[in-house]
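Heads up, the thing below is written out as structure tokens.
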Amino acid sequence: MDHKQGLLEKLINKDFVKMDSIKDTASLTKLLEKETPKKVFTSIDNRDYFIQLSESSKEITYTFCRVISLDSSIEEVFFSLSQNDLVIVVNSENDYVGYVTYEALSKNLWNEYERTHAYLQTILNTIDESCTVIDDDTNVLYWTKGAEKIFSVKDKDIIGKPITDFFEENQLEILNALKKGTSVYHSQHNARKDLVVMINSNPVHFNGEVIGAVVSETDITSQIRLNNELYVTSKKLFNLEEEVRKSSPSINPFSYIKGNSPALKSVIEIAKKTALTNAAVLIYGESGVGKELFAKAIHNLRESEHAPFVAINCGAIPTGLFESEIFGYEKGAFSGADQKGKKGKVELAKNGTLFLDEIGEMPLEMQVKILRLLQEKKFYPVGGTKELEVDFRVVAATNKDLKELIHEGKFREDLYYRLNVVNFRVPPLRERIEDIIELTHYFLYEISVKYNRPIHGISQAVMQSLLQYSWPGNIRELKNIVERLVVFSENGEIQLDDLPIEMERITSSKIIKTDIPSYPSIINEEKSLSAQLQEYEKDIILRELSKVNGNKLLCAKNLEVTRATLYNRMSKLGIK
């Protein structure tokens, strides 16, 4: 039952009598006198009448009455009462329910107006935001405490007066809603030179006309200032981190691999142990999981600072050019060759690492020559007569099942065993969902710095959409989507609608509760940057402690700090 139908129920007077048959005049007069002040009704030839007895002349009159149903609208009640003093109300079975008079309607409507006004005043006095309502003459009807706080104008000074007496017209978005009938939602607006607000604005429609406008505003000046400070600080930290990594060989090379999931940590531990030897390494993993990052990390850990890292994508080189690309060629080796000759990838990788990416795509005829190279560390350049000797470590990667390729006759078994001294599999992103949050925020910082577009944060709805996606393209796809979100962002806000069409939008009604802490999309303007960073650090420590059931030694190891440092930080942050 809607509000208007409920109002009709309140209007119905049920104190009445219905006569099923007309009595003689004397009996009817007696009945009318007895039932006073009740209303008496009857039906004659399918028409309904109100029967009255004149007090002075004792004359009986029959007045025709309109009949309305119980589910009639208030508009229908008004129309019926405009032609009658009262109307009869019947239910779905056409039985009398009661009657409604114009006097009762007027009294109840005024009471409902007063009740609605009381609700409205309570709402306006409860909300913290600035809310302003104007009529079609731009006079201010409502002005909340939030508006007083933001604009330093008291309600007693502005209510009833044109809003243009207090503000410049070009600074009033509410006038666009009034004059043009336009609406805005979550739009950043410069209310004054020193004031930025997040604004919602709508026209008030009545009977097909705009009779006023409403605007709500939230002061985000401090939030923008703090966000800009955080952005500048993050940019400096990001650049400093990159410089430290480049200048300090002692920095952990695996720090480039983002994520703290158990699956990823397990693989990193295997890779670290592998890097302590010169053994050949075979890395399995789907496209986009970061196999080359692991190869580079192994290289950086076991080679000297200036040792070369040379990558070859075996699936990107045409078959006819494969040999010359890998082994190089002497001058004049073939038509169109560089007159000075060219060093091959193998020679460039001398005393370093040769990374054979997508090794499963290597042509079968080249696999024999690569096998000899790995066994003897010697080769002939194309067109050369002098055998060259070269020392290097080899790391190979593939997204294919090499044993299946061997079975199909597409990959040499002896080459497989030469490469497969140590192997590990990099898990796809869908198997380490907990890493999506860290990767997303890392890419947000990296890409927002790249495009100089500060981002306030990422909403729970967008994050949940990312968490629920299957990620067939893995980390590469995630980075591309984050870049898309940054490019399409407006006023530092990441929009749910900017996600690619193939991704399901997880709206607020579909958000799944997880033990992953939510990340605020708007910075708390009441706290300093230092205080906010401490809160963020506290959340990280509490999350890690929860993962290891309070084991502080293991927590410190996972966070890559000493136990003493962990205790000091816990004490400072008030963690018991």
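The values are calculated or read from the model by the stated rules, or taken from the named source; none is laboratory data. On a predicted model such as this, the values are computed, not experimentally measured, just so you know. Cβ atoms come from the backbone with ideal geometry, glycine included; neighbour counts cover every protein chain shown. Only protein heavy atoms, including side chains, enter the accessible area calculation; ligands, DNA and RNA are left aside. Shrake-Rupley method; radii C 1.70, N 1.55, O 1.52, S 1.80 Å.
Assorted remarks:
- Axis angle, to the nearest 10 degrees, between helix 221-247 and the longest C-alpha principal axis of the chain: 10 degrees.
- Normalised contact order of the stretch 165-226, rounded percent, pairs of Cα under 8 Å and 6 or more residues apart: 29 percent
- Modelled FRET efficiency - R0 22 Å, ASN351 with TYR380, Cβ distances, 0.05 increments: 0.65
- Pairwise FRET efficiency - ARG225 versus SER106, Cβ, R0 = 60 Å, nearest 0.05: 0.65
- Three-way shape call for the stretch 393-477 based on the alpha-carbon gyration tensor, with the a/c threshold at 1.5: prolate
- Spin-label pair SER187/GLU93, simplified geometry with 7 Å Cα→Cβ offset, distance in nm: 5.6 nm
- Once the Cα atoms are used to define both axes, helix 474-488 deviates from the longest principal axis of the chain by about 50 degrees.
- Helix 563-573 and the longest principal axis of the Cα set of the chain meet at an angle near 20°.
- Length gained when the stretch ALA316-ASP128 is fully extended (0.36 nm per residue, less Cα-Cα span): 61.7 nm
- Solvent-accessible heavy-atom area per residue, rounded to whole Å², over the stretch 393-466 at 1.4 Å: 44 Å²
- Computed with a 1.4 Å probe over protein heavy atoms only, the accessible surface of the stretch 1-123 comes to 65 Å² per residue.
- Cβ charges +1 (Lys, Arg) and -1 (Asp, Glu), total dipole of the stretch 370-455, debye: 220 debye
- Here LYS179 is the anchor, and the aspartates and glutamates within straight C-alpha reach of less than 15 Å, apart from those fewer than 8 places off in the same chain, are ASP135, ASP136, ASP137, GLU169, GLU209.
- Here the relative contact order of the stretch 121-223, from alpha carbon pairs under 8 Å that lie six or more residues apart, stands at 26 percent.
- With the simple model of a label 7 Å out from the Cα in the direction of the Cβ, LYS179 to SER54 spans 6.4 nm.
- Only helices enter the 222 nm calculation for the chain: every DSSP H run of n ≥ 4 contributes -39,500 (n - 2.57), and dividing by all residues gives -13000 deg cm²/dmol, rounded to 500.
- Of the two radii for the chain, the radius of gyration is 1.24 times the Kirkwood radius, both from the alpha carbons; that is the Rg over Rh value.
- Within the stretch 375-443, the ratio Rg/Rh, alpha carbon atoms throughout and Rh by Kirkwood, equals 1.17.
- Test item: Cα-centred dipole of the chain, Lys/Arg +1 and Asp/Glu -1 on Cβ, debye: 3120 debye
- Accessible surface of the stretch 64-182 [probe 1.4 Å, protein heavy atoms]: carbon and sulfur percent: 49 percent
- Relative packing of peptides 560-569, 280-289 - highest average C-beta neighbours within 10 Å first: 280-289, 560-569
- Here the chain carries DSSP beta bridges of which approximately 65% are antiparallel, counting only pairs with both residues inside.
- The rule of thumb for compact globular proteins, 2.2 N^0.38 Å, goes into the C-alpha radius of gyration of the stretch 1-146 1.46 times.
- Percent RCO, i.e. relative contact order, over the chain, from Cα pairs under 8 Å lying at least 6 residues apart: 9 percent
- Each peptide in 365-374, 390-399, 549-558 was scored by the mean count of other Cβ atoms within 10 Å over its residues; highest first, the order is 390-399, 365-374, 549-558.
- Efficiency of FRET between LEU70 and LYS161 - r from beta-carbon atoms, R0 45 angstrom, step 0.05: 0.50
- Of all aspartates and glutamates in the structure, the ones whose alpha carbon falls short of 12 Å from that of LYS58, not counting any fewer than 8 places away in one chain, are GLU33.
- Length available on full extension from TYR62 to ASN278: 0.36 nm per residue minus the Cα-Cα distance, which gives 66.5 nm.
- Extension gain (nm, one decimal) between ARG425 and ASN558, 0.36 nm per residue minus Cα-Cα: 45.8 nm
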